[in-house]
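Heads up, the thing below is written out as structure tokens.
Just so it is clear, none of the values below were taken in a lab; they were calculated from the coordinates. Predicted model only: the values in this text are computed from it and were never measured. With ideal geometry, Cβ positions are generated from the backbone for all residues, glycine too; neighbour counts draw on all protein chains shown.
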Amino acid sequence: MLWVDKYRPKTLDQVLVHQDIAQNLKKLVTEEDCPHLLFYGPSGSGKKTLIMALLRQIFGSSAEKVKVENKTWKVDAGSRTIDLELTTLSSTNHVELSPSDAGFQDRYIVQEIIKEMAKNRPIDTKGRKGVLVNLVSGNAYLAYDAIFLVLNEVDKLSREAQHSLRRTMEKYSAYCRLILCCNSSSKVSEAIRSRCLNVRINAPTEEQIVKVLEFIGKKEGLQIPSGFTARIAEKSNRSLRRAILSFETCRVQQYPFTSNQAIPPMDWEEYIFEIASDIMKEQSPKRLYQVRQKLYELLVNCIPPEIILKRLLYELLKKLDAELKHEVCRWAAYYEHRMRLGQKAIFHIEAFVAKFMSIYKSFLIATFG
Amino acid sequence: MLFYGPPGTGKTTTALAIAHQLFGPELYKSRVLELNASDDRGINVVRTKIKGFAAVAVGSGQRQGIIEPLASRCAKFRFKPLSEEIMSSRITYICNQEGLNLDAEALSTISSISQGDLRRAITYLQSAARLFGSSISSKDLISVSGVIPQEVVDALFAACKSGNFDLANKEVNNVIAEGYPVSQMFSQLFDIIVEADDLSDEQKARICRKLGEADKCLVDGADEYLQLLDVAGSTMRALCNMPEEFSYN
């Protein structure tokens, strides 16, 4: 098992990074009925971990017994019936899914699932909310007659889906509690946000990441040279998941650790670094053609296009003069926006590369003749 | 009747109160139909369901959205955003009823962050009470409301003023890592810029135009980091009187 999974805190009490939030959540679910929740924050900040720990807090260990299902829904959409397929993760008390996987038909998913869940609500709690005592552990858990629905990536839902989510939320709030999870709350409509308790999960600081890495190192019985975990944390871009993954990679590559051991970058980052040097060296149609092959390579390996563009910008910014930085970041924002509106990502990334070449070339000519 | 005004100013509450007054509790159920037209139910629902009902009260967020032939057939009532005093007195009343403790600072914070929207104020209050218990400070309210702490906004603005691109980039990265919503950052930046005394009108106009463009891009689903960085860059160029256009073209 990977360390990221092995050392994922199971309960709200074990959480190392967002202790204050965890304690507040605990209070929230033990005191009274739980409202709808919206978790937002950058990736690798611990949203999912907190949600799973929260479910465990409510339902005890039964929340961990999940099964993966590939479900098909028949949806009646006016004149025709649509078949929708989606993977769900469910236990007796909760269902987790990413409705945005259904693409432009996402709004049917939201409506159908909630309706269906309202029909098959858990029977063992017999309606009323009360306290269930787990006979084995002696712990008391609140039993909700509502099922919990965890929706991932709500920021990627279409406007229509968000509208229908909002209506369904009000209509069926007696039967289900929603836990929404997303990266940027700007993209979630105000109507949804105002109906949920918003919980912001910030990315852990480098010191916090160091603390977690040291904790894992101790559990694994590793000897860690001083400053080593700090270097990993610095390269992690404040993503805890990423830090733990590269910590484990280092462990596999070379142990005992040495204090100057290199921390391997991700393959795709290395690749984008090469692309950046390529276009800094030569600005010509031929070079553009070569770069296109590399961009395709990244895309077929499922690196999201906006990540490619952002990383490319990051690499370019490291090498440019101040005035050029302004211009390049402006065009990066411009082409990323166009990419969102368009269909083929490669066009827009390539357009950015071509634009960069033209800016850089005219800068070189003006400066060096 | 046509009720219009911003959210949380009591349009629905007034309409329902009128209905209650007219019909009393028994008849109320059979005589009142509440529809949210924005629920894109289409023309059919409006036609078929409303037929059986005589009087129609219409509530609207924006007056412009109502076509003139409809507006001219209604008695119009405008609901203004609530003043801070009204807000505070209502919040104090709720606090007393629910046994919550709010100090003077928290009270003024809640009135200002909810911007005349009482529903929003009550939601914030309830969320804060659920998370933090019965003693609520101004900081607790800010954390549940999603408003960005002023020092974070100030730090970004100062970085733009410094003219150092890398510094601004660092602040932008920080805002994203902390998970603050960028749309909220835009509106708070906008407040700073509009109120600033030491900026020329041209500088303000340049920045505001960029904010508008970036806001539209965000709605289209553009990346938050890139948009904020672009805004920070443009703001810096305006504040430091750098040319708007790239000089090597």
Run the quick spin-label model on A:Glu220 and B:Gln184: label points 7 Å from Cα toward the beta carbon, then report their separation in nm to one decimal. 3.6 nm
Under 5 Å between amide hydrogens, which residues at least 5 positions from A:Phe39 or on another chain qualify, with H placed 1.01 Å from N in the peptide plane? A:Leu180, A:Cys181, A:Cys182, A:Val199
Label-point separation (nm) for B:Lys204 and A:Asn260, each offset 7 Å from Cα along Cα-to-Cβ? 5.8 nm
Using 1/(1 + (r/R0)^6) with R0 = 60 angstrom and r between the beta carbons of B:Gln97 and B:Ser162, what's the FRET efficiency to the nearest 0.05? 0.75
Can you list the trypsin sites (Lys or Arg not before Pro) in region A:173-233 that are in a DSSP coil and have 14 or fewer other beta carbons within 10 angstrom? none
Partners for B:Lys76 among lysines (Cα-Cα distance below 21 Å; same-chain residues under 8 apart left out): B:Lys11
Residues whose modelled amide H sits under 5 Å from the amide H of B:Leu2, counting only those 5 or more places away in sequence or on another chain, are B:Val58, B:Ala75, B:Lys76, B:Phe77
Efficiency of FRET between B:Gln21 and A:Ser189 - r from beta-carbon atoms, R0 51 angstrom, step 0.05: 0.90
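Summing -39500 (n - 2.57) over the DSSP H runs of n ≥ 4 in chain A and dividing by its residue number, what mean residue ellipticity at 222 nm do you reach, to the nearest 500 deg cm²/dmol?
After summing the helix terms and dividing by the residues of chain A, the value is -16000 deg cm²/dmol.
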Mind running the shape call on region B:145-249? Use the C-alpha gyration tensor, a ≥ b ≥ c as the square roots of the eigenvalues: rounded below 1.5 for a/c, prolate if a/b tops b/c, oblate otherwise. rounded
Pairs beyond 30 Å (Cα-Cα), from A:Lys74/A:Lys310; A:Lys48/B:Lys80; A:Lys286/A:Lys344; A:Lys26/A:Lys235: A:Lys74/A:Lys310; A:Lys48/B:Lys80; A:Lys26/A:Lys235
For chain A, what relative contact order do you get, as a whole percent, if you take Cα pairs closer than 8 Å and at least 6 residues apart? 15 percent
Starting from one equal scatterer on each C-alpha and no solvent at all, send me the Debye-based log10 I(q)/I(0) for the protein assembly as shown at q = 0.09, 0.10, 0.11 Å⁻¹, two decimals. -0.89, -1.10, -1.32
Low-density loop positions, trypsin sites (Lys or Arg not before Pro), region A:56-118 - DSSP coil, at most 12 other Cβ in 10 Å: A:Lys65
At R0 = 41 Å the Cβ-Cβ FRET efficiency linking B:Ser247 and A:Phe273, nearest 0.05, sits at 0.90
Which percent, to the nearest 5, of DSSP beta bridges fully inside the protein assembly as shown are antiparallel? 40 percent
Here the convex hull volume per residue of chain A, taken over Cα atoms and given in Å³, is 176 Å³
So how far apart, in nm, are the two label points at A:Glu282 and A:Lys319 if each is 7 Å from Cα heading toward Cβ? 1.4 nm
